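Trainee: Please read through the structure below; I'll follow up with questions.
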Amino acid sequence: MNLQPIDLAGAECVGRGVQRPEDVVVTRDGRVWLSDQASACAEVLGDGSLRRVGAAGGAPNGINLDTRGRIVIANYGHDVGRGPLQRLDPATGAIEILCEAIDGRPLVTCNYPVIDRQDRVWCTHSTWGGEDFGADAPKDGFVFRVDPDGSVQVLAEGIDFANGCALDAAEDYLYVCETVGCDVVRFRIHADGTLGAAERYGPKLGHAAHEVQHLRPLPLEVRSQLGLTDGCGFDAAGNLWVTLVMANKVVAITPEGAVVTMLSDPEGRVLRAPTNVTWGGPDLTDLYIGSVRSDYVVKVKSPVPGMPMVHQR
């Protein structure tokens, strides 16, 4: 399928007033939820207003729904020294902790969760330190999984700031945005649930922050070529859409490895610091794009339907 860039002239700003809406999740029946630092998650109602639910603390980041309608929240709470993996009951606002420590060490930067067909939660943890995107930043990001019985296992380590992640339709691979590396890496999922070695998927997607440090303050034409990856998600045709958070850009990596720019807003007039992509609507062609710098999320029409998530199947 020939991917055509999306014209931002038709973009809608949805959920105004939300705080740090890093991610969006859409239910099978069309309810739209945003991560919200002022609560846990906020539902966008039909009149555009927000219904805030829960109190997660920290910074709710990536979110996803399980098959029972509960919202799994990766809490990026490094500023408060606590960033656990949580689960919200949207009906009651109750929050439970799925994982708050690994080997006795409290989690601080849970970033993004994805749920597979076995109801296992795969989650990235960006770093044990702060947001250091320099050449010498520690490669201490990792992936862990929480199984339905509550057991927790670290499955991949040494990731250069582990950010958003996605499963392909067959759940053969887990794809992880490696922010400092400006790329996406993938891991083969073995039959026993372990992961294979990391391999880059597609090319490097732009300049690393440390490569243009000497040009600061960055001119717009350089900033628009920054390749720091944040979130990713598959469409129904197998293209992996990737947000480039500092370039105000969204690209798609085709199954053949080509890169197509789908949205670009160098000046950040509408699309500002895009973080994640989510599809919803009756035909899964409503594309929502989260942000950590806006008090709304962007909604546009996608030229390709999204791949249904487990809660949308």
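Every read-out reported here was derived from the displayed coordinates using simple, explicitly stated rules and does not represent laboratory data. Computed from a predicted model, the values in this text were never measured in an experiment. Using ideal geometry, Cβ is built from the backbone for each residue, glycine included, and neighbour counts are taken over all protein chains shown.
Trainee: Residue separation times 0.36 nm, minus the C-alpha to C-alpha distance between residue 4 and residue 89: what's the value? Please list the in-between numbers first.
Mentor: Details: separation 85, 0.36 × 85 = 30.60 nm, distance 3.81 nm.
Between residue 4 and residue 89, full extension yields an extra 26.8 nm.
Trainee: From a point 7 Å beyond the Cα of residue 117 in the direction of its Cβ, which residues of region 133-170 have a backbone N at a distance under 15 Å?
Mentor: 167-170
Trainee: I've got another one for you. Work out how much length residue 103 to residue 45 would gain on full extension: take 0.36 nm times their residue separation and subtract the Cα-Cα distance, in nm to one decimal.
Mentor: 16.8 nm
Trainee: Further, regarding this structure: Just want to confirm a number: the relative contact order over the chain, from Cα pairs under 8 angstrom separated by 6+ residues, in percent.
Mentor: Over the chain, the number comes to 17 percent.
Trainee: Could I ask something else about it? When ranked by the protection proxy of mean other Cβ atoms within 10 Å per residue, highest first, what sequence do the peptides 138-144, 4-10, 109-115 form? Walk me through the numbers before you get to the answer.
Mentor: Details: 138-144: 19.3, 4-10: 12.1, 109-115: 27.1.
My ranking of the peptides, most packed first, is 109-115, 138-144, 4-10.
Trainee: Need one number: nm distance between label points at residue 312 and residue 68, each 7 Å from Cα along Cα→Cβ, rounded to one decimal.
Mentor: About 2.3 nm separates the two model spin labels.
Trainee: Which far-off residues, 5 or more places away or on another chain, put their amide H under 5 Å from the one on residue 273, with H placed in the peptide plane?
Mentor: Here 248 satisfy the definition.
Trainee: Then there's this: Going 7 Å from the Cα of residue 293 in the Cα-to-Cβ direction, what parts of region 14-32 have a backbone nitrogen less than 18 Å from that spot?
Mentor: Under 18 Å, as judged by backbone N against the label point of residue 293, lie 14, 17-23 of region 14-32.
Trainee: For the chain, what number results from the quotient of the Cα radius of gyration and 2.2 N^0.38 Å?
Mentor: Cα Rg divided by the expected 2.2 N^0.38 Å: 0.91.
Trainee: If each residue of separation counts as 0.36 nm, what is the full-extension length gain between residue 188 and residue 169 once their alpha-carbon separation is subtracted?
Mentor: 5.5 nm
Trainee: How many nm separate the modelled label positions at residue 267 and residue 211, each set 7 Å beyond the Cα in the direction of the Cβ?
Mentor: 2.7
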